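The values are calculated or read from the model by the stated rules, or taken from the named source; none is laboratory data. Computed from a predicted structure; not experimentally measured. FYI the Cβ positions are ideal-geometry reconstructions off the backbone, even for glycines, and counts take in every protein chain you see.
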């Protein structure tokens, strides 16, 4: 529910001092100035904004003159597009002149912009009504598109004709989906129809920009509902989502099709614990991406036996290859790609709950990765049928062993051993590959529990069991 006092007349104290200072300077110079965009939307919803953008009737050179006269440092970020950034000790504020956009020949950015003194003209070029509101320094909202009413109803609706907005900038399609998922809103019917119709235009948008919006979408609280509704749109980017939609698994381990199982796994990824200060909860991006991608290879791997039972052996490897392709097309970072594809590849791997096997596996991967893998595996198991949840006991046992090893301060790398290469050379081991071989052998013996991780014990073990054999 919106804050009635705020909607009806204004709300004092919603803007930080440094933002009020910028608004006051511009207004005292004879121009209009308002906080715009996401900060206004979040304030109206009772959330805490972290970034504040300002729109003004002052043109870029006029803004620079105002800031310079007040001794405020500034950066001319892109004066051609009307933006100047004011730099203060408390925070930066991007100030953009009211503007009217020209043609969008690349489906992403206007070829040219022209400045205007009219806030109404500026408002009508914006994407969605909930982002088209302006907040004055007195706490009053300027809203000529019905953004407040749409916030009250929980609706994402385009400013003006949706086909025009999405033809101008195809990325707005994903932005709308992200907003709906983040706030738990519905999408206006006419707006959604235009999203579906113009979704092929997303192919013209850079992978990096798509990835940014997709991460925000899949990490949001309402992600599964929006993905379920917009899977054809998202299928432009990840075609396998369409293939998985309605693909029955014909297995007693599953009571959902592949698509619905995938969304159930995503729902099982917990939200981060650091969502304080009036922020909307979000998931870890690597885990959310792995949840979406982990079973996309099932249709390609599917085989049905003579009894009508479905089998999808090898689907983690197929899903990993799909993940590599998708994340590559989205230009994701090397670290993000490696972690997500690793999670996808190993999500169906469950070892015997044996201390040595677990220790060996933990030595091959960073602890942070293994913790995420356990979260993904638990979410995956719980998204199976009741019969298919029999792996929970094994996962619990594996996690218990891993936790004990961490608690005991176990070494998970050769470099963490009490003996070093220099110690082996003093024992007569030739410099070079032989040193690494001996260290590997003693590390394996340590993981098997045959020797403690202290220099004396390890050197004695090396002398008795390795060097004498060599």
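In the set (1) closer than 24 Å to residue 296 by Cα; (2) touching a helix residue (DSSP H, G or I) at 6+ places or on another chain (Cβ under 8 Å); (3) surrounded by fewer than 18 Cβ atoms within 10 Å (Cβ to Cβ), residue 343 fails one condition alone, (3). Comparison of 222, 216, 207, 184 shows that the only residue that is on the phi > 0 side of the Ramachandran plot and at pLDDT 95 or above is 184.
Considering region 296-313, the residues that are out of contact with any strand residue (DSSP E or B) (no Cβ under 9 Å at 6 or more places or on another chain), surrounded by fewer than 14 Cβ atoms within 10 Å (Cβ to Cβ) and in contact (Cβ under 8 Å) with a residue 12 or more places away in the chain include one that is nearest to residue 338 (Cα to Cα), namely 309. Residue 113 meets each of the listed conditions (1) in contact with a helix residue (DSSP H, G or I) (Cβ under 7 Å, 6 or more places away or on another chain); (2) modelled with pLDDT of 90 or more apart from (2). Restrict the check to region 418-437 and report whether at least one residue is in contact (Cβ under 8 Å) with a residue 24 or more places away in the chain, closer than 20 Å to residue 360 by Cα and not in a loop (DSSP other than H, G, I, E, B). No: region 418-437 contains no residue that is in contact (Cβ under 8 Å) with a residue 24 or more places away in the chain, closer than 20 Å to residue 360 by Cα and not in a loop (DSSP other than H, G, I, E, B). When residues in region 4-49 are screened for being at pLDDT 90 or above, on the phi > 0 side of the Ramachandran plot, surrounded by fewer than 23 Cβ atoms within 10 Å (Cβ to Cβ) and within 28 Å of the chain's Cα centre (by Cα), 0 of them pass. Of all residues in region 232-247, at least one satisfies being modelled with pLDDT of 95 or more, at positive phi and not assigned by TED's automatic domain parsing to the domain that holds residue 170. Restricted to region 241-275, and to residues there that are part of a helix (DSSP H, G or I) and out of contact with any helix residue (DSSP H, G or I) (no Cβ under 6 Å at 6 or more places or on another chain), the residue that is surrounded by the fewest Cβ atoms within 10 Å (Cβ to Cβ) is 242. With respect to residue 250, determine if the residue is outside the structural domain of residue 41 (by TED's automatic domain parsing), more than 19 Å from the chain's Cα centre (by Cα), in contact (Cβ under 8 Å) with a residue 12 or more places away in the chain and more than 26 Å from residue 39 (Cα to Cα). Criteria met by residue 250. Per the listing 441, 427, 434, 450, the residue uniquely over 39 Å from the mean Cα position of the chain (by Cα), modelled with pLDDT under 90 and not assigned by TED's automatic domain parsing to the domain that holds residue 357 is 427. Specify which of the listed residues (373, 395, 405) is in a helix (DSSP H, G or I), at pLDDT 90 or above, outside the structural domain of residue 253 (by TED's automatic domain parsing) and closer than 19 Å to residue 294 by Cβ. The match here is 395. For region 451-468, a tally of residues being in contact (Cβ under 8 Å) with a residue 12 or more places away in the chain and outside any helix (DSSP H, G or I) returns 2. Based on this model, can you work out whether residue 177 counts as assigned by TED's automatic domain parsing to the domain that holds residue 226, over 24 Å from residue 83 (Cα atoms), in contact with a strand residue (DSSP E or B) (Cβ under 9 Å, 6 or more places away or on another chain) and assigned to a helix (DSSP H, G or I)? So residue 177 fits the description; yes.
Residues that are assigned to a helix (DSSP H, G or I) and touching a strand residue (DSSP E or B) at 6+ places or on another chain (Cβ under 9 Å) were ranked within region 42-60; the one that is farthest from residue 20 (Cα to Cα) is 60. Has region 287-305 got at least one residue that is closer than 30 Å to residue 43 by Cα, in the same structural domain as residue 349 (by TED's automatic domain parsing), within 16 Å of the chain's Cα centre (by Cα) and not in a helix (DSSP H, G or I)? Scanning region 287-305 turns up no residue that is closer than 30 Å to residue 43 by Cα, in the same structural domain as residue 349 (by TED's automatic domain parsing), within 16 Å of the chain's Cα centre (by Cα) and not in a helix (DSSP H, G or I).
So which residues in region 65-104 are modelled with pLDDT of 80 or more, surrounded by fewer than 20 Cβ atoms within 10 Å (Cβ to Cβ) and in a helix (DSSP H, G or I), if there are any at all? Residues satisfying the conditions are 65, 68, 69.
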